[in-house]
Amino acid sequence: MSVAKPASTEAPRDGRTVPLRRGGLAAPAAAGVFVLILLLLIPAVSNSYWIGTFTSAVIYAAVAMSLGILVGRVGLISLCQVALLALGGWVALRLGYGTGLPFLLVMLLTGLITGVIGVIIGLPALRVGGLYFALITLMAAAAITLVLAVVNFPNGGHGFLGYSTSASGVAHLRRPRLAEGDTAYYRYATVVVVALFLLALAHLRSRVGRAWAAVRQSEPAALAAGISVTVHKLWAFALASFVTGVAGVLLAASGGGLTTQQFPVENSITLLAVVLIGGAYSLWGAVAAVVFMEILPALFQLWGVNNNLLLIIFGVGLLQALLTNPAGIVDQLPRDLRRLSGAVHARINRAVPNRAKP
């Protein structure tokens, strides 16, 4: 039976209606200008510190987007995306040190392997829902983090694990030849992440995306319409894991390499918080999320501001998102700007006749 297109793009959530953005990047012109700014303007005005920061930001934008698909489109709260990011980095390093495969092929294989592992994690977890699903993924994240802390990241050593205490340097994946410099690699990572966003957008605009919307709104109704709920949930989990695995490859080749201290379990909770603050129902929400997760901490460090202030900002932002605007900043900010613009124009219109009087 064919999947029927939902009559509305709004889904109930805690007694409220939340707009679901079917297109995500619905304005191609705005998206194109934004990508050009990332590729041309930012490298021209940034030093090495900010190039590294923006490289990390575009990589984590892909991770935030993958979690946004699960939360906003399917209604699955996953707390293992950061652990899957670390796992993708481990697989990429093992393939990079153990084989002579090109970077693009390593990226594709790592994404596929991470996607399969994501399905393995999601299959038993899908037997439960809501908070229980989140707890199972959190336990999976803790298990992955613990295993990686024991085996460590491959650094060119012998054996299956590829780690040696006598090997020099940290675990770092060799970059492609056309992107060996930091600025070139930033542009390379940006292009890959844009491709991942387009892959997600293609899913959201297809029958799969409409099936996800139906599952999120009502699983019994989706089943009655002939939609396989389990298959489509696993599909979403596989796509999110694939995107996160590719992001892990990009992170493994970024400056500084990978260490086990980079991926604490609590980072998964932080990622969920910033995704909800930015907006889980739009692909643009991932961009807003990395502003809080990467750009704002970098600014605080540059200004010498105590990082504990970030916890307060996250807490206030999360409460505001959950209580007043579940669609996040990307939905609220344009509305607030329109209201502000209307108020300013109204005041100007009232003031102009008064000045015209003798």
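Descriptive notes on the structure:
- Filter pass, R210 being under 30 Å from P43 (Cβ atoms) and among the charged types (D, E, K, R): no
- Tally, over segment 74-115, of residues that are in a loop (DSSP other than H, G, I, E, B) and not hydrophobic (A, V, I, L, M, F, W, C): 5
- Going through (1) farther than 29 Å from N152 by Cα; (2) touching a helix residue (DSSP H, G or I) at 6+ places or on another chain (Cβ under 6 Å) one by one, V231 falls short only on (2).
- The residues in segment 201-218 that are closer than 17 Å to L76 by Cα and either assigned to a helix (DSSP H, G or I) or modelled with pLDDT of 95 or more (or both) can be counted, and the count is 12.
- When restricted to residues that are over 21 Å from L79 (Cα atoms) and in contact (Cβ under 8 Å) with a residue 60 or more places away in the chain, segment 303-332 contains 1.
- Qualifying positions in segment 255-272 - crowded, with 18+ Cβ neighbours inside 10 Å, under 17 Å from the mean Cα position of the chain (by Cα) and within 18 Å of A62 (Cβ to Cβ): F263, N267, S268, L271, L272
- Evaluated against (1) modelled with pLDDT of 95 or more; (2) assigned to a loop (DSSP other than H, G, I, E, B), T165 falls short on exactly one condition, (1).
- Among the residues of segment 275-312, those that are of a type in the set (A, V, I, L, M) and either in contact with a Pro (Cβ under 9 Å, 6 or more places away or on another chain) or farther than 27 Å from A240 by Cα (or both) comprise L276, A280, L299, L302, V305, L309, L310, I312.
- Evaluation of I136 against (1) closer than 30 Å to S166 by Cα; (2) part of a helix (DSSP H, G or I); (3) at pLDDT below 95; (4) not charged (D, E, K, R) (one fails), failing number: (1)
- Filter result for R174 (touching a Ser or Thr at 6+ places or on another chain (Cβ under 9 Å) and basic (K, R)): no
- Test: residue in segment 199-207 that is farther than 24 Å from L126 by Cβ, in contact with a Phe, Trp or Tyr (Cβ under 7 Å, 6 or more places away or on another chain) and not hydrophobic (A, V, I, L, M, F, W, C): no
- Just so you know, in segment 242-279 the residues that are of a type in the set (V, I, T) and part of a loop (DSSP other than H, G, I, E, B) include one that is farthest from L319 (Cα to Cα), and it is T259.
- The listed residues are V58, V63, V33, V71, and the only one of them that is within 13 Å of the chain's Cα centre (by Cα) and surrounded by fewer than 23 Cβ atoms within 10 Å (Cβ to Cβ) turns out to be V71.
- Residue under evaluation S282, criteria (1) more than 12 Å from the chain's Cα centre (by Cα); (2) not in a helix (DSSP H, G or I), criterion not met: (1)
- Of the candidates R174, R205, the single residue that is under 25 Å from the mean Cα position of the chain (by Cα) and more than 30 Å from A273 (Cα to Cα) is R174.
The values are calculated or read from the model by the stated rules, or taken from the named source; none is laboratory data. Bear in mind the structure is a predicted one, so any value in this text is a computation, not a measurement. Here Cβ is always computed from backbone atoms with ideal geometry, including for glycine, and neighbour counts include all displayed protein chains.
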